[in-house]
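Shown next, in structure tokens, is the structure this report addresses.
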Ligand SMILES: *Cc1c(COP(=O)(O)O)cnc(C)c1O
């Protein structure tokens, strides 16, 4: 059981007011809030051991290095990576995807095929389009149905011996659909293709085991799982990371530099050029510790309760349509009411202290599929409550009444 009253006390922001009302934060799919246990780590870093890592012999540098590498180990354990050097620190999901797309530019040739899904965030579409432009590889798309689920039979027919790479999100940020990534990975491996899973939206709800999944690459952002912005990780299988060229050149990623020839550092440093977000990396570790202390099963089952509760209540509103009705969903509800513009609903509920997202959610192809400009998206975290949902539903009713 989750003690939500106690948990809410960990999050200072939840006690502030917005427009004279207590904040109700339902924009968790865009970024999550930060508990004081994690904020304390940021304060501690800058107050006590801020220093550049891996190079200094002095004490502060060693302390910072030790904590940064300890965070890498925490992240390794969380995702059950076989080796800590398979965990590469990035600035976030987008950075991790671009690293791999850039790396594959040297491995793909004209006529090779790569597969994306209809359910992707723009950051898991555009880098691959750029890759195809560079290499002449062909981009194919797994279609979806009205419920917001991928058509797996269609996926199987897209796979050929020319398929080199498949990239799909674990959970859709726009609809909340949990994709059957085990099957996606297994089928891709049958034709020898590598698989990248965008775990940005799944990671706050589902603890992915990269070895059990046998996934080749898994990318996440810390800021969606109670950590800071500007940091994330790319998990990559050692054999792939050895095969791919580095993304950026610079300090930290070299073994030896002369003007004739430079040799690259071993993993993970080969992919970590320049001074990283040291505090961010350490804080990401603390955020995982915080969430694991609560437990991902506990988090998921509570969030699922919130999802079911809010879905039933919202569907009672006349003319309200929910987009994304898979029975495999995280706590994301995307909806519209009649022809009311989502932006107008978002603006009215903000006046009542409620934060939701409106728009295309960086997933325009999904909006095009439903032939809508966007949706209102409410996304719940383990620190939200049914009482907040009640207030939200009343606010939506009020907005619908005013706007129709
Ligand atoms: C948030 C999100 C991203 C982008 O993450 P950044 O932290 O902005 O790099 C990519 N894919 C999905 C599914 C997301 O939810």
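The values are calculated or read from the model by the stated rules, or taken from the named source; none is laboratory data. As the structure is a prediction and not an experimental result, all values here were calculated from the model. For neighbour counting, all protein chains shown are included, and Cβ atoms are generated from backbone atoms with ideal geometry for every residue, glycine included.
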Residues (within 26 Å of residue 36 (Cα to Cα), touching a helix residue (DSSP H, G or I) at 6+ places or on another chain (Cβ under 6 Å) and assigned to a loop (DSSP other than H, G, I, E, B)) located in the stretch 347-383: 352, 356, 380, 382, 383
Members of the stretch 190-203 found to be outside any strand (DSSP E or B) and under 16 Å from residue 235 (Cα atoms), listed by number: 199, 200, 201, 202, 203
Which numbered condition residue 321 misses (of (1) part of a strand (DSSP E or B); (2) more than 28 Å from residue 180 (Cβ to Cβ)): (2)
Condition check for residue 285: touching a strand residue (DSSP E or B) at 6+ places or on another chain (Cβ under 6 Å), in the same structural domain as residue 222 (by TED's automatic domain parsing) and part of a helix (DSSP H, G or I): no
Residue 34 at pLDDT 95 or above and surrounded by fewer than 21 Cβ atoms within 10 Å (Cβ to Cβ): no
So residue 290, is it in contact with a helix residue (DSSP H, G or I) (Cβ under 9 Å, 6 or more places away or on another chain), at pLDDT below 95 and either within 30 Å of residue 4 (Cβ to Cβ) or assigned to a loop (DSSP other than H, G, I, E, B) (or both): no
So residue 245, is it assigned by TED's automatic domain parsing to the domain that holds residue 86, more than 15 Å from the ligand (Cβ to nearest atom), in a loop (DSSP other than H, G, I, E, B) and touching a helix residue (DSSP H, G or I) at 6+ places or on another chain (Cβ under 7 Å): yes
2 or more residues more than 16 Å from the ligand (Cβ to nearest atom): qualifying strands (runs of 3 or more DSSP E) within the stretch 82-176: 113-117, 138-142, 163-169
Residues of the stretch 325-339 satisfying the condition of being surrounded by fewer than 18 Cβ atoms within 10 Å (Cβ to Cβ) and under 20 Å from residue 404 (Cβ atoms): 338, 339
Only listed residue being surrounded by 13 or more Cβ atoms within 10 Å (Cβ to Cβ) and out of contact with any strand residue (DSSP E or B) (no Cβ under 8 Å at 6 or more places or on another chain), chosen from 58, 54: 54
Unmet requirement for residue 33, which otherwise passes all of (1) under 19 Å from residue 279 (Cβ atoms); (2) touching a strand residue (DSSP E or B) at 6+ places or on another chain (Cβ under 9 Å); (3) in the same structural domain as residue 269 (by TED's automatic domain parsing): (3)
Residues located in the stretch 368-382, provided they are over 19 Å from residue 303 (Cβ atoms) and touching a residue at least 40 places away in the same chain (Cβ under 8 Å): 369, 370, 372, 375
Extreme residue, surrounded by the most Cβ atoms within 10 Å (Cβ to Cβ), among residues of the stretch 206-245 that are free of Cβ contacts under 8 Å to residues at least 60 places away in the same chain and in contact with a strand residue (DSSP E or B) (Cβ under 8 Å, 6 or more places away or on another chain): 215
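Any idea how many residues of the stretch 74-104 are free of Cβ contacts under 8 Å to residues at least 12 places away in the same chain and out of contact with any strand residue (DSSP E or B) (no Cβ under 7 Å at 6 or more places or on another chain)?
Final tally of qualifying residues: 1.
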